[in-house]
1. Loop only by DSSP, 16 or fewer other Cβ within 10 Å of the Cβ. Give me the chymotrypsin sites (Phe, Trp or Tyr not before Pro) in the range 428-464 that pass, ordered by residue number.
2. Top to bottom by accessible area (1.4 Å), largest first, where do ASP184, ASP392 land?
3. Rounded to the nearest whole Å², what accessible area per residue is found for the range 551-605 with the 1.4 Å probe?
4. Find how many whole Å separate the alpha carbon centroid of the range 281-295 from the alpha carbon centroid of the range 475-497.
5. Sorted by accessible area (1.4 Å probe), largest first, how do MET449, MET465 line up?
6. Can you check what the net charge comes to around ILE442, using other residues whose Cβ is under 9 Å from the Cβ of ILE442 (Lys, Arg +1; Asp, Glu -1)?
7. Determine the share of the range 434-522's accessible area contributed by carbon and sulfur atoms, expressed in whole percent, with a 1.4 angstrom probe.
8. Please give me the summed charge of the neighbours of SER255: other residues whose Cβ is under 13 Å from its Cβ, Lys and Arg +1, Asp and Glu -1.
Amino acid sequence: MNHLNVNSEASFLQLPESLTTSPSQSTFMAEEDASICPLLHNTSSPQLQLQLDYSHPLTPSTGIVSDNPDDTVENDDTSSSSSSSGIGITSAIGMGTNYHHLHKNGDLHHQENGNAKKKKHGNINFEYLNALNIPLSKDLPSFVKWNWPMIRKVTFFIFLSGIFAMCAIVVGMMYNLPRICSPDIKWYQGSIFYEIFPASFKDSDGSAVGDLRGIADKVSYFQNLSIGAIRLNSIFSAKNYPEDYTNIDTLMNISKELGTMDDMKYLVAELHSKNISLILDLPLYPLYTRLEPSTTMSNLTHKTINNNANEMRIDEYRRVERGIIDNNGITNVMRFWLAHGIDGFYLKGLENFADDEYLMENIREWKYVLGNDRIMIVNESLIKSVSEDVADEILECIDLIDVFLDITNGTRSIEHKVDSILKGKLKPTEFGPWIHWSLNGIDKRRMSMAINQNASLAGLLMELMLPGTPNIFYGDELSMGDVNDPDNVHIETKHLHHLPTMPFTDQTVKFTNQKVLPWLPKSALVSYEHLDYVIDACALRKITPGLYMNSFNKDGNTAYLNTHIRANKDDLLIIERTFPRRNTIVSITNLGPENLSLDISAFYYSGELVLGPAKKNKVFFNNFKIAALETIIVKLDK
C-alpha cells in the first residue's frame, strides 16, 4: 500500500472500537453478515476477539451462543437469520467460533469446531421462530407440540365426509319426494268406501254362507280398487240369519254364521295392515224405540268433545274391559266395538228419533266416545227432519252425510240433486261434514236391473267424479244383476234377490266349497270387463285433488266449490272438477238410449282422454262423440 502513500503504521490501521459496535456503521445486509462471519478465524488475537452485538433493523436478532454443547435451545439467544438457501449465522465469543445452520428441511443445526449437532425440540423449529422474532419460553402452549400435519389430514377427510354425507341426504330426499304434492285431508274424506253384505261376499269354511274370514281373504281385491274403508251392513245375531237379517236381538253379538269375535279381530288386523278402515252399520231402529238421557255429555259442546276425545276414549276402553255398563245402551255398543278396533259407525234409522228430546245429547256423547279419528255417518233424511238450529248442531258432530243418488230419473234430476246438496245446507265447508254418495245399497234395486249393465258402469264412473266420499256396493264394479233364479227355486227369499253371491274375476275362486251350494245363487248378469274401468277411475281419483277434494281454499278460511255440473235434456250430464294449478277433469255421461255427436267447444276446446274406449287419445270438443249409456273422462288442456 506504500505506492498509494498511505500510512502503514499499525496505529493508523487500528479502527476505533466505537465503529465496530455502532449499528449505524454496519454496511452489510443480514445475508452478507451471515456469509462473512464464518470466515472469522478461530484465534486468540485481541483484534479478532470482538463482541459483535448487531442491533441493526435489518439484522434478525442478536445474542450470544453458548460454547457448551449440552446447553438446551431454550436458553439460546444467538443472532440468527433464516434463508431459503440454508445460510448460517456465526458469533465469536472468546476463543471459540460457533456456527448455526437452518437447513431446508427446517431442522436447526449447531456446528461447533467443525462438529455438527442438531438442536430441535420435538417438531418445533426454534431457529425459525427466532427468525420471526417470536419470543421463546420454557412454558410453550401444548398445541405447539401437536402433530399438525396429521391434524390437517384428518380435518380434510372429515370435511370431505361431511360433503359426501350431505349430498347423500339430498339425493335420498329427492328420491323419496312424492311424485305429486297433494293437500292433506282426513282418512275418510274423499276416499272410496266399499259396502258389503257379508253373507254374500265370500265363504271361507264351506258353510254356504259368507263370513268374516272370507272378507279378510280378499284384502288384496280391495287394495286393487283403491278402497279406503269397508262397510259391513249386517253382521249382528238374528233369529234366522241371513234370510231374516233385519230381525236382530242385540248389537253386541256377531251372527254365528259369520264367525266369532276372534274372526272379527283377524279381519280388523288384516284391513288395518293394508291401511283400510272398517265401518259397521248400526241398525238402531226398531231395536231401540227411544233414546236414553246422556250420562255425562249433556252439557259438553262440540269444541270440548274434540279437544279431549283422544284422551277420554282410553277411559272408555277401560270401562268396557271392566264391564262397566251405563244406562245408555247405544253408547255401550259403541264402546264395545271401538275397543275391538272398529273405525266408525253408520247410525241407520236415526232419523226415526228426530223428535226425541235426548237426540242432541246422545249425538254429542257418541262423538265424545268416538273421538276425532273415528267417524259417524247418518242419512240426509235426519237433517231434513229436524229444525234449522238442531240441524246446525248435528252437523258439528257428524262426519259423513249419506246421500242417495237415483240415476233412473234422467240427468236433469241428477243435476238438480247434486246442485241442491253442494249449494244448500250440506255445502262443503272448511270443518263441516262431507257427503257420502250412494247409488245402491242393501235395500235398493241394482242399477243394472233398473236400466242395464252399461248404465250401471256409466253411473258408477259418474259417481266417482263427484266431490265427497263415494260408496260402491259390492258387485257394482262388475255391473252385477239380481239372483239368477228362472225356476223360482229360491222364491222364499225373493226379497233378497238383489244380494246374490259375489262372482270373482278369477274363475278358479268360487264363493264357497265345491261340495255345497251357496245360500243364494249368483247373478247371471256380470261384466268382468267393466272392472278395469272402475279400477282406473278409482286410481285416478286417489291421486287427483280436483276429484277427491270437495272444495279449495284461497284465503285459508273460505271453502270454494270446485264442482260445476251441467245437464242437457235428460240424456247428457257434464261434471267439471277443478283445482288450483292442476288440469281440470271433466266427466261426460250419456244416459240416453242413442249415441251422440255434438259441439261443446263453447265450454272446452281440447284434452286427453284418461278413461274411455280410446284411452290417452286427443279429444277435440267441436265434434265430440259419445256412445249411449257411457261415461268418458277427459283431462283438459291448460
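The values are calculated or read from the model by the stated rules, or taken from the named source; none is laboratory data. Since the model is a prediction, treat every value here as computed from it, not as a measurement. Note that each Cβ is placed from the backbone with ideal geometry, even for glycine, and that neighbours are counted across all protein chains shown. Surface areas here come from the heavy atoms of the whole protein model, side chains and all, with no ligands, DNA or RNA. Shrake-Rupley method; radii C 1.70, N 1.55, O 1.52, S 1.80 Å.
1. On the way: sites: PHE431, TRP434, TRP437; in loops: PHE431.
Hits after loop and neighbour filter: PHE431.
2. Values: ASP184 145, ASP392 70 Å².
From most exposed to least exposed: ASP184, ASP392.
3. Numbers: 2960 Å² over 55 residues.
Value for the range 551-605: 54 Å² per residue.
4. Comparing the Cα centres of the range 475-497 and the range 281-295, I get a distance of 32 Å.
5. Values: MET449 60, MET465 0 Å².
I get MET449, MET465, largest accessible area first.
6. Working: positive: LYS444; negative: GLU195, ASP281, ASP443.
Once positives and negatives cancel, what remains is -2.
7. On the way: 1670 of 3320 Å².
Its accessible area is 50 percent carbon and sulfur atoms.
8. Numbers: positive: LYS239, LYS256; negative: ASP211, GLU243, ASP244, ASP249, GLU257, ASP263.
Cβ neighbours under 13 Å give a net charge of -4.
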